C-alpha cells in the first residue's frame, strides 16, 4: 500500500476500520495540487492550505461515520496522513529535519515548529475564541494533529499567538504547518546521504 523510491518521495496509504475508510496519496516534491473527498468541508479547506503552502501533492478520500459526528473521520485522517508522511520520508537521509513558520492572517498570528525526530510529541497551545467554525468543532483540530504526530513520529509545537476570529486562527495554524513541514522535508545539499542526527538514525 505504499510506493517509495530513493528518487520519488511518494506514498499511498489505506486505512480501514469499523468507523472509517481512508486513502491518502502524497508526493513531498509536488507543486501543491490537492484533491479531497472526505465529507468534512472545513477540514478539506485546511488541508488545501497544507498542500499549497507545503508544495505537497495530496489526494485524500474518506468515508466515515459522519452520521455520528466528524471525530473519527478527522482523527483517522490525521493518522493516515502521518503514516503516509513517514513512508514517503523513508530513512530521512539528507533532509533538513527541522522546520518552522510564522503565518499571519489579518488579526491572527500562529507559529508552528516541527522536528522529524522519530519521536511523537505534540504541544498545542491554541485558545480558540469559539467552539465551532460553521459545523466544524474546533476541538477536532487538535485531534487531527495528535493522530498525525503519533503516526508520523514527529515533534510538533503549535501556538496561536493571537486571534479574534476562529477561522483565521485555524487557517494560520494549517498554513504555518504546511510551510514548516516544507522546510523540514526539504533536501539539504550539505547533508546529502547523511542522517541529520548524532545518533545516526531518526
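The values are calculated or read from the model by the stated rules, or taken from the named source; none is laboratory data. Everything numeric in this text was worked out from a predicted model, so none of it was measured. Glycine also receives a Cβ, built like all others from the backbone with ideal geometry; neighbour counts cover every protein chain displayed.
This table checks each residue for (1) buried (at least 18 other Cβ atoms within 10 Å of the Cβ); (2) at pLDDT 95 or above; (3) over 14 Å from the mean Cα position of the chain (by Cα); (4) on the phi < 0 side of the Ramachandran plot.
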{"residue": "37", "(1), (2), (3), (4)": "no, yes, yes, yes"}
{"residue": "51", "(1), (2), (3), (4)": "yes, yes, no, yes"}
{"residue": "77", "(1), (2), (3), (4)": "yes, yes, no, yes"}
{"residue": "81", "(1), (2), (3), (4)": "yes, yes, no, yes"}
{"residue": "100", "(1), (2), (3), (4)": "no, yes, no, yes"}
{"residue": "124", "(1), (2), (3), (4)": "no, yes, no, yes"}
{"residue": "131", "(1), (2), (3), (4)": "no, yes, yes, yes"}
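Scanning region 185-199 for residues that are touching a strand residue (DSSP E or B) at 6+ places or on another chain (Cβ under 9 Å), surrounded by fewer than 22 Cβ atoms within 10 Å (Cβ to Cβ) and part of a helix (DSSP H, G or I) yields a single hit, 191. Of the residues making up region 137-150, at least one is assigned to a helix (DSSP H, G or I), surrounded by fewer than 16 Cβ atoms within 10 Å (Cβ to Cβ) and free of Cβ contacts under 8 Å to residues at least 12 places away in the same chain.
Taking region 159-176 as the range and being more than 19 Å from residue 41 (Cβ to Cβ) and touching a helix residue (DSSP H, G or I) at 6+ places or on another chain (Cβ under 7 Å) as the test, the residues that pass are 160, 163. Any chance region 8-21 includes a residue that's loosely packed, with under 15 Cβ neighbours inside 10 Å, touching a residue at least 12 places away in the same chain (Cβ under 8 Å), within 14 Å of residue 185 (Cα to Cα) and out of contact with any strand residue (DSSP E or B) (no Cβ under 7 Å at 6 or more places or on another chain)? Within region 8-21 (the criterion being loosely packed, with under 15 Cβ neighbours inside 10 Å, touching a residue at least 12 places away in the same chain (Cβ under 8 Å), within 14 Å of residue 185 (Cα to Cα) and out of contact with any strand residue (DSSP E or B) (no Cβ under 7 Å at 6 or more places or on another chain)), the answer is yes, since at least one residue qualifies.
Looking at region 26-110, the strands (runs of 3 or more DSSP E) lying wholly inside it that each contain 1 or more residues that are in contact (Cβ under 8 Å) with a residue 12 or more places away in the chain, out of contact with any helix residue (DSSP H, G or I) (no Cβ under 6 Å at 6 or more places or on another chain) and within 16 Å of residue 14 (Cβ to Cβ) sit at 34-37, 57-64.
Would region 160-167 turn up any residue that is assigned to a strand (DSSP E or B), in contact with a strand residue (DSSP E or B) (Cβ under 6 Å, 6 or more places away or on another chain) and crowded, with 18+ Cβ neighbours inside 10 Å? Taking every residue of region 160-167 in turn, at least one turns out to be assigned to a strand (DSSP E or B), in contact with a strand residue (DSSP E or B) (Cβ under 6 Å, 6 or more places away or on another chain) and crowded, with 18+ Cβ neighbours inside 10 Å. Only one entry in 156, 181 is closer than 16 Å to residue 82 by Cβ, at pLDDT 95 or above, assigned to a strand (DSSP E or B) and touching a helix residue (DSSP H, G or I) at 6+ places or on another chain (Cβ under 7 Å), namely 156.
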